[in-house]
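The values are calculated or read from the model by the stated rules, or taken from the named source; none is laboratory data. Quick caveat: nothing in here was measured; it's all calculated off a predicted structure. Cβ: placed from backbone, ideal geometry, glycine included. Neighbour counts: every protein chain shown. Accessible surface areas use protein heavy atoms only, side chains included; no ligands, DNA or RNA. Shrake-Rupley method; radii C 1.70, N 1.55, O 1.52, S 1.80 Å.
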Amino acid sequence: MAGPDKTDVNLIVKGSSTQAPPRHTRTLGGYVFMPALLALVLLAVWWSVSTRDLDSVEQDRLSLDYILRMTWAHLELTGASTALVLLIAIPVGILLTRPFARAITPPAIAVFNIGQAVPTIGLLAIFAIVWRFGFAPTVVALAAYTALIVVRNTMVGLRQVDASVIESARGMGLTKLAVLTRIELPLAVPVIMAGLRTALTINVGTATLGAFIGADCLGRLIVSGFSGNRPYITIIGGILVAVLALLVDYIAAIAEDKLRPRGL
């Protein structure tokens with residue numbers, strides 16, 4: 001018997017009823033507003049720094065070369081930790097929605113909950129003491145803190161798929177793997193993407209704490225401002241972290257809309 005073709009599967013997906021977040025229809029103004037606002041903030045920061053009488057420490061910490069280097073390092077921390085979350089949390093979330101894994105679901109969620117319950121600064125301190133300082137422990141701590149969000153969203157996205165849709169697909173001759181990859185996951189994508197966006201945005205802000213264990217990031221500006229009694233550096237560092245978080249969230253929101261399967 002011939003299996004269902006792509007058109008049949010698409011009809012099932014489009015005809016399903018899910019609780020996915022609504023698709024955002026952006027106007028031109030919606031695309032331009034946030035980048036324009038962030039550009040104005042950065043312009044104001046540049047004007048403030050360039051017209052202020054800075055001492056040698058402030059000149060070093062607020063130089064364009066230093067800020068660009070710390071911004072790139074901050075993005076590396078954020079990207080690596082979010083990629084680690086994606087590689088771990090989505091497969092685990094899929095596994096925990098399978099019938100054979102029901103018995104291990106509560107203890108598995110409890111394990112991921114530990115990573116979120118413990119403050120990130122506490123995790124960083126523990127990793128710094130028992131492991132090492134720098135990039136790697138910061139990435140692991142950030143991933144541990146946000147993995148539960150993606151695990152839960154993956155499980156919610158898969159569980160909200162209408163059982164009649166799955167039954168229809170199975171009735172058409174699709175295997176369990178085909179139902180998962182061609183029906184369940186496409187329908188769950190909006191909820192999973194929402195979780196990844198949340199984890200990404202949290203990681204941008206929380207990566208600042210990596211400065212406390214020697215990781216290069218924008219948090220070094222904030223920490224050096226506090227330790228050197230130079231609040232101006234701390235303020236500029238805080239503004240740059242906020243701008244970066246808003247920019248990453250803006251890009252993730254666009255990606256979330258663009259990557260959503262058509263018809264959802």
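Some notes on this structure:
- Test: residue in region 195-217 that is of a type in the set (D, E, K, R), touching a residue at least 40 places away in the same chain (Cβ under 8 Å), within 21 Å of residue 252 (Cβ to Cβ) and in contact with a helix residue (DSSP H, G or I) (Cβ under 7 Å, 6 or more places away or on another chain): yes
- Checked against (1) over 30 Å from residue 180 (Cβ atoms); (2) modelled with pLDDT of 90 or more; (3) open to solvent by 30 Å² or more (accessible area, probe 1.4 Å); (4) not basic (Lys, Arg), residue 77 passes all but condition (3).
- The number of residues in region 53-74 that are assigned to a helix (DSSP H, G or I) and either free of Cβ contacts under 8 Å to residues at least 40 places away in the same chain or touching a strand residue (DSSP E or B) at 6+ places or on another chain (Cβ under 8 Å) (or both) comes to 8.
- The sole residue among 235, 202, 192 that is open to solvent by 50 Å² or more (accessible area, probe 1.4 Å), within 20 Å of the chain's Cα centre (by Cα) and at pLDDT 90 or above is 202.
- Extreme residue, most open to solvent (accessible area, probe 1.4 Å), among residues of region 238-262 that are more than 26 Å from residue 60 (Cα to Cα) and either outside any helix (DSSP H, G or I) or touching a Pro at 6+ places or on another chain (Cβ under 8 Å) (or both): 262
- Scanning region 206-232 for residues that are in a loop (DSSP other than H, G, I, E, B) and either of a type in the set (S, T, N, Q) or open to solvent by 50 Å² or more (accessible area, probe 1.4 Å) (or both) turns up 216, 229, 230.
- Being of a type in the set (Lys, Arg) and at pLDDT below 90 holds for only one residue in 230, 260, 220, and it is 260.
- Some residue of region 103-124 being among the aromatic types (Phe, Trp, Tyr), more than 21 Å from residue 217 (Cα to Cα) and surrounded by 14 or more Cβ atoms within 10 Å (Cβ to Cβ): yes
- Within region 121-153, the set of residues being of a type in the set (Lys, Arg) and closer than 26 Å to residue 97 by Cα comprises just one member, 152.
- Looking across 148, 187, one residue alone is crowded, with 21+ Cβ neighbours inside 10 Å and within 30 Å of residue 238 (Cα to Cα). It is 148.
- Lone qualifier among 82, 18 - being open to solvent by less than 70 Å² (accessible area, probe 1.4 Å), modelled with pLDDT under 95, among the β-branched types (Val, Ile, Thr) and not in a helix (DSSP H, G or I): 18
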